[in-house]
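To start, the structure under review is shown below, and the notes come after it.
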Amino acid sequence: MIDLRSDTVTTPTSAMRRAMADAEVGDDGYRDDPTVLALEAAAAERLGKAAALYVPSGTMSNLIAAIVLGTPGGRLVAHKDSHIVLSERGGAFSVAGLEPDLWSGVSPVPTVDDVGVGFGKGPALAVVELTHNALGGRAAPPEAVAAYGRACAAAGVPLHIDGARIFNAAVATDTTVEALAETAVTVTFCLSKGLGAPIGSVLCGPVEVIEEARERRKMLGGGMRQAGVIAAAGLVALSTMVDRLGDDHENARLFASHIAAEHPEVIDPAVVETNIVRLNVAPSGMPPAAWVAALARLGVRTKVHGTHVRAVFHHQVSRADAVQAAAVVCTVARNFSTATRPARGAA
Ligand SMILES: Cc1ncc(COP(=O)(O)O)c(C=O)c1O
């Protein structure tokens, strides 16, 4: 099986497993775990923030940011299809008490025309997602993020970056995660996606915000004890897995271009910016679930993504796998076009 459902399916590398076995640990509730402290320090430095907090998941990290930076009854200004809006079971609304104030568009960052959105209407928290999952892993130029961040700051609206895949965004736009996060108050990134660690995200921001975040993590049940066992894999992820993310982007483009050579209606390789490819299966007349089932029967696992089928590239998918998976997609496309073509002479 070639597993393209998500980059979350990655399993720890042998270097990670060794680091986990050898990790020095302590009770992180007492700030006694040296490996967690080392991971938090490394993450804060990398993202250019004063402090960081290791949390069990990206969802919890976003929720903590919504609680700490948001105001109950105030607004959450975000893309209508962002993960925090659609996929986190409404925590920002039901737990943090925010009201949705959503914008749309094909960029992860509002355009200059949209910058007024959400400002001047009372307290608000702005969230930008990098890369943007539902938009097919789209990145954004650092200047666009900075322009929005400055507009947020001028309006007194804190900006949180859901950077679950911010390292992919930085690689794709040839910049640093620090530059992308510069104008945000907080930024979270996931260790457990393309970076390949088994568990965890890190929330980075100013010292006082992270101190408050630590309290909220405790409230949510996310305080951990000898978490150095998993944080050790996160340290290995940061030091060994970032520089190779470009390979995943290349494999994603290769996959897309092999499909487009035969079925240009399914994917335009020009829209593939990072490790996520969304296949437009609508022209086949077959629902995305039928595609996912047919691809799985031929050895390629994918996921229904709204009206599309999603394929995500990661370090356990080789270049040869990408080519093979594209051939399978073409086979399914051909089979479906035969199955749905009206019979000769039919009305
Ligand atoms: C953009 C984005 N943000 C947040 C998350 C949540 O991460 P987790 O699965 O660790 O809760 C995801 C997970 O897929 C994501 O894609």
*Quick one: in the range 245-340, what % of C-alpha pairs are over 22 Å apart?*
17
*Return a whole-number percent for the relative contact order of the chain, with Cα pairs under 8 Å and 6 or more residues apart as the contact set.*
24
*Quick one: angle between helix 319-340 and the longest Cα principal axis of the chain, in degrees between 0 and 90, rounded to 10, please.*
50
*If R0 is 41 Å, what FRET efficiency do you get for residue 289 and residue 99 from their C-beta distance, rounded to 0.05?*
0.80
*What is the gain in length, in nm to one decimal, between residue 319 and residue 71 on full extension, counting 0.36 nm per residue of separation less the C-alpha to C-alpha distance?*
84.6 nm
*Relative contact order (%) - criterion: Cα under 8 Å, at least six apart; region: the range 49-145*: 30
*Sum of side-chain charges, residue 316 neighbourhood, beta-carbon under 14 Å (Lys, Arg +1; Asp, Glu -1)*: 0
*Can you tell me which of 59-71, 218-230 comes out highest on packing, and rank the rest after it, using the mean Cβ neighbours within 10 Å?*
59-71, 218-230
_I need the peptides 41-51, 180-190 ranked by packing, meaning the mean over residues of other C-beta atoms within 10 angstrom, with the highest value on top._
180-190, 41-51
*asked:* Under the √(5λ) rule applied to the eigenvalues of the Cα gyration tensor, what semi-axes describe the equivalent ellipsoid of the chain? Give them in Å, descending.
replied: 36, 25, 17
*Could you give the distance between the Cα centres of the range 26-64 and the range 90-144, to the whole Å?*
25
_For a protection proxy built on the mean count of beta-carbon atoms within 10 angstrom, sort 77-83, 104-110 highest first, please._
77-83, 104-110
*Return one whole number: the accessible area per residue of the range 1-114 in Å², for a 1.4 Å probe.*
44
*By how many degrees, between 0 and 90 and to the nearest 10, does the Cα long axis of helix 245-262 differ from the longest principal axis of the chain?*
20
*Scattering from the C-alpha atoms of the range 84-161 alone, worked out with Debye: what is log10 I(q)/I(0) at q = 0.16 1/Å?*
-0.60
*Compute the acute angle (0 to 90°) between the alpha-carbon long axis of helix 288-297 and the principal axis of greatest extent of the alpha-carbon atoms of the chain; round to the nearest 10°.*
80
_How large is the Rg to Rh ratio of the range 121-224 when both quantities use alpha carbon positions and Rh follows Kirkwood?_
0.98
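The values are calculated or read from the model by the stated rules, or taken from the named source; none is laboratory data. In this text the structure is predicted, and so the values were computed from the model without any measurement. Note that we place each Cβ from the backbone using ideal geometry, even for glycine, and neighbour counts take in every protein chain shown. Areas reflect the complete protein model, heavy atoms only, side chains present, ligands, DNA and RNA absent. Shrake-Rupley method; radii C 1.70, N 1.55, O 1.52, S 1.80 Å.
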